[in-house]
Amino acid sequence: MRALIQRVAHASVTVEGERIGQTGPGLLILICAMAGDGEAQADQLAAKIARLRIFKDEAGKMNRSVLDIGGGALVVSQFTLAADTSRGNRPGFSTAAPPAEGERLYRYFAAQLAAQGVPVETGQFGADMKVELLNDGPVTIWMET
């Protein structure tokens with residue numbers, strides 16, 4: 001699985017003019033299941049992200065996790081993280097998991113992150129979503145299992 005994690009002051013996702021998910025201080029997680037991924041990869045990524053120390057402590061050092069600050073997460077599916085740009089000018093997405101499996105793993109990942117104790121809201125798999133965020137830092141981290 002691939003994830004692009006952004007530390008945010010707030011983030012929200014809207015579909016067809018309706019806000020369907022949001023978070024205050026915490027994480028915006030753009031997530032993509034890759035071909036061959038399974039629950040083990042989702043479990044590993046959820047555990048790692050929940051404990052990732054990217055929030056400032058009293059001394060201003062990145063030493064606290066989303067759990068430590070009592071923050072939440074907005075999890076948004078984004079198959080374009082599977083983009084292969086090695087040839088030509090049009091990205092290929094053949095390394096992404098098939099849609100049904102991608103959606104299953106996306107939902108599973110969100111549930112596993114919530115099971116770690118992080119309040120989770122989500123986007124809508126396969127929808128045309130509008131994502132708004134205020135990146136805090138900015139802090140943006142790429143993770144892959």
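The values are calculated or read from the model by the stated rules, or taken from the named source; none is laboratory data. Note that the structure is a prediction, hence the values are computed from the model and not measured. Note that we place each Cβ from the backbone using ideal geometry, even for glycine, and neighbour counts take in every protein chain shown. Side chains are part of the model used for accessible areas, which takes the heavy atoms of the whole protein and leaves out ligands, DNA and RNA. Shrake-Rupley method; radii C 1.70, N 1.55, O 1.52, S 1.80 Å.
For the reader, a short list of remarks on this structure follows.
- Of all residues in the range 96-138 being open to solvent by 60 Å² or more (accessible area, probe 1.4 Å), farther than 30 Å from R64 by Cβ and part of a loop (DSSP other than H, G, I, E, B), the one that is modelled with the lowest pLDDT: G126
- Residue in the range 60-72 that is outside any helix (DSSP H, G or I), buried (at least 16 other Cβ atoms within 10 Å of the Cβ) and not small (G, A, S) present: yes
- Going through (1) under 25 Å from R19 (Cβ atoms); (2) among the hydroxyl-bearing types (S, T, Y); (3) in contact with an Asp or Glu (Cβ under 8 Å, 6 or more places away or on another chain) one by one, T95 falls short only on (1).
- Only one of the listed residues (A46, A3, A9, A50) is under 18 Å from Q116 (Cβ atoms) and in a strand (DSSP E or B). That residue is A3.
- Any hit, the range 112-119, residues being without any contact (Cβ under 8 Å) to a residue 40 or more places away in the chain and closer than 24 Å to A9 by Cβ: yes
- Output for the range 80-90, where each listed residue is open to solvent by 50 Å² or more (accessible area, probe 1.4 Å) and either free of Cβ contacts under 8 Å to residues at least 40 places away in the same chain or aliphatic (A, V, I, L, M) (or both): D84, T85, S86, R87, G88, N89, R90
- Some residue of the range 8-23 being touching a helix residue (DSSP H, G or I) at 6+ places or on another chain (Cβ under 7 Å), at pLDDT 95 or above and aliphatic (A, V, I, L, M): no
- Residue in the range 12-27 that is over 17 Å from F109 (Cβ atoms) and open to solvent by less than 20 Å² (accessible area, probe 1.4 Å) present: yes
- Of all the listed residues (I29, I69), the sole one being over 14 Å from the mean Cα position of the chain (by Cα) and either at negative phi or free of Cβ contacts under 8 Å to residues at least 60 places away in the same chain (or both) is I69.
- Test result for D43, within 17 Å of E144 (Cβ to Cβ) and among the acidic types (D, E): yes
- All positions within the range 61-105 that are within 12 Å of I31 (Cα to Cα) and among the β-branched types (V, I, T): V75, V76, T80
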